[in-house]
Amino acid sequence: MSSEEPTPQKDPFDPSRARAEERVKRVLSRAPFMSPGCGDVKLTCTARDGFSVSVNVDRDVLASKSRFFEEKKSWCVEICECDDVEVYLECLVLMYCQDGQDFRNKIVGEGVDKILGLLKVCDALKFDDGISSCLKYLEAVPWSEGEEERVIMNLNELHLPNDHEVLERVALEASTSSRIDDIFLRLFTGVLQAKDEKARREMKSLISRLLREDNSTPGYNDGYNKLEISKETLYTICHRCVTSLILCLSEATSGDENRGMMSEIAREADNLEWVVDILIEKRICEDFVKLWADQNELAMLHLRVPVMYRHKISRITAQLCIAIGRGNALVPKETRVALLSTWLEALYDDFGWMKRGSRTGDRRLIEDGLCQIILTLPLSQQQTFLMSWFDRFLEKGDDCPNIQRAFEIWWRRAFVRQPVVEPQLQITVCDYPS
């Protein structure tokens, strides 16, 4: 009876292991400790997956550079569960550098992620010169946004004593952060007073996008100390814009029509519309609704300016009506009534011009906002505003907002579905003769 010897089973080919072995081979090809007969300590680096590399290194060299190796008295050292054997071996190679400059020359051109890997190993091996050189490298090279996040995350995990120069790129000192409102105020003032119209539009768009970016991206600011513009600063800007608008209207209506001043009215209104949009985005526009509702002088001046220049002022009223109609601004009933009483007729007058420069969707937003804000009022006041609109719509047609939906709902509330108020049950206490 013959027997055959079993064929040895080969381990399945692992591409990731093969790449790791190739990288290790490349590192060791330039390692100064790979010369025959060099080294008096056997060092073994073992990865989490069992991949292992052993090399002979010089005890005196490593002990002079690393407190980790200085503490090791054995002639055989093993580092287990390495995240990346290649990086550990590269760190050993760098310990043979003559000085920090030699170290930095050897890592010039490496990516930020590679340096972060080296930094973690230098910290694990207590290789102070390596830590210092990696930090200096990170301080000097540019980072992408993704790399910036990883630099901050890694440095926060490592808690290195000398990382402040690297973090200065992204972190304000406490004394500087207290002046954040001054910075915002300077930026806003620069935009509002810009001489170049194209540049003004571009910077308005940029600042608006940056202010809303952190709110719209989930997790965007996780782990960061968020610095925001204060409500007080935004309202300081609002009051300045309103004052500038009143001055422009007063000057424009005080004599002959001045086309330059008329154009300035449109610009000031556009500035205010931009700031109000930021207030709405941040859900802090309630105080401005009250401020705008109280602008009786401005509303009177508005009537005396040609509609082609003044209609942008009515866009501010439309903004507020849309915000209130969507529930993004919660203001008292008295303020809602005052807003419509002061500005609704002006909006009706300007609507024809407003819709010329806007899309159909913008018109629908304005009409929906008006419907919603009117329907939040007591029924008697709904009737007052909607009967006035009814007459205006018959006169102006498409040049008047179409708020038929609000009219229909008011009609049903008033004449079709009047709730029946049940008389309240009254309890009378009386004494019965015993």
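The values are calculated or read from the model by the stated rules, or taken from the named source; none is laboratory data. It should be emphasised that the depicted structure is a prediction, and the values quoted were computed from it without experimental measurement. Glycine gets a Cβ as well: all are built from the backbone with ideal geometry, and neighbour counts include every protein chain shown.
Only one of the listed residues (E145, E110, E202) is modelled with pLDDT of 95 or more and of a type outside the set (A, V, I, L, M). That residue is E202.
In contact (Cβ under 8 Å) with a residue 12 or more places away in the chain, outside the structural domain of T46 (by TED's automatic domain parsing), more than 28 Å from G39 (Cα to Cα) and out of contact with any His (no Cβ under 9 Å at 6 or more places or on another chain), is that true of E145? No: the conditions fail for E145.
Only one entry in A47, A31, A20, A63 is within 20 Å of A124 (Cβ to Cβ), aliphatic (A, V, I, L, M) and without any contact (Cβ under 8 Å) to a residue 24 or more places away in the chain, namely A63. When the helices (runs of 4 or more DSSP H) confined to the range 231-298 are screened for residues that are surrounded by fewer than 20 Cβ atoms within 10 Å (Cβ to Cβ) and free of Cβ contacts under 8 Å to residues at least 40 places away in the same chain, those reaching at least 1 such residues are found at 231-252, 259-281.
Taken over the range 155-191, the criterion of being in a helix (DSSP H, G or I), at pLDDT 85 or above, of a type outside the set (F, W, Y) and under 30 Å from R201 (Cα atoms) is satisfied by D181, D182, I183, L185, R186, L187, T189, G190, V191.
Scanning the range 364-387 for residues that are of a type outside the set (D, E, K, R) and free of Cβ contacts under 8 Å to residues at least 40 places away in the same chain yields I374, L375, L379, S380, Q382, Q383, T384, L386, M387. The conditions of being buried (at least 18 other Cβ atoms within 10 Å of the Cβ) and part of a helix (DSSP H, G or I) are not met by D362. Figure legend. Inter-residue proximity from the range 320-342: first residues crowded, with 21+ Cβ neighbours inside 10 Å, second residues part of a helix (DSSP H, G or I) and of a type in the set (S, T, Y), beta-carbon distance below 9 Å, spacing 6+ or different chains. Indicated pairs: L339/T317; L340/T317.
F351 meets all of the listed conditions (1) surrounded by fewer than 17 Cβ atoms within 10 Å (Cβ to Cβ); (2) closer than 20 Å to F385 by Cβ; (3) among the hydrophobic types (A, V, I, L, M, F, W, C) but one, namely (1). Would you check if there is a residue in the range 40-56 being exposed (fewer than 15 other Cβ atoms within 10 Å of the Cβ) and among the aliphatic types (A, V, I, L, M)? For the range 40-56, residues exposed (fewer than 15 other Cβ atoms within 10 Å of the Cβ) and among the aliphatic types (A, V, I, L, M): absent.
For L394, the conditions (1) without any contact (Cβ under 8 Å) to a residue 24 or more places away in the chain; (2) buried (at least 18 other Cβ atoms within 10 Å of the Cβ) are fulfilled apart from (2).
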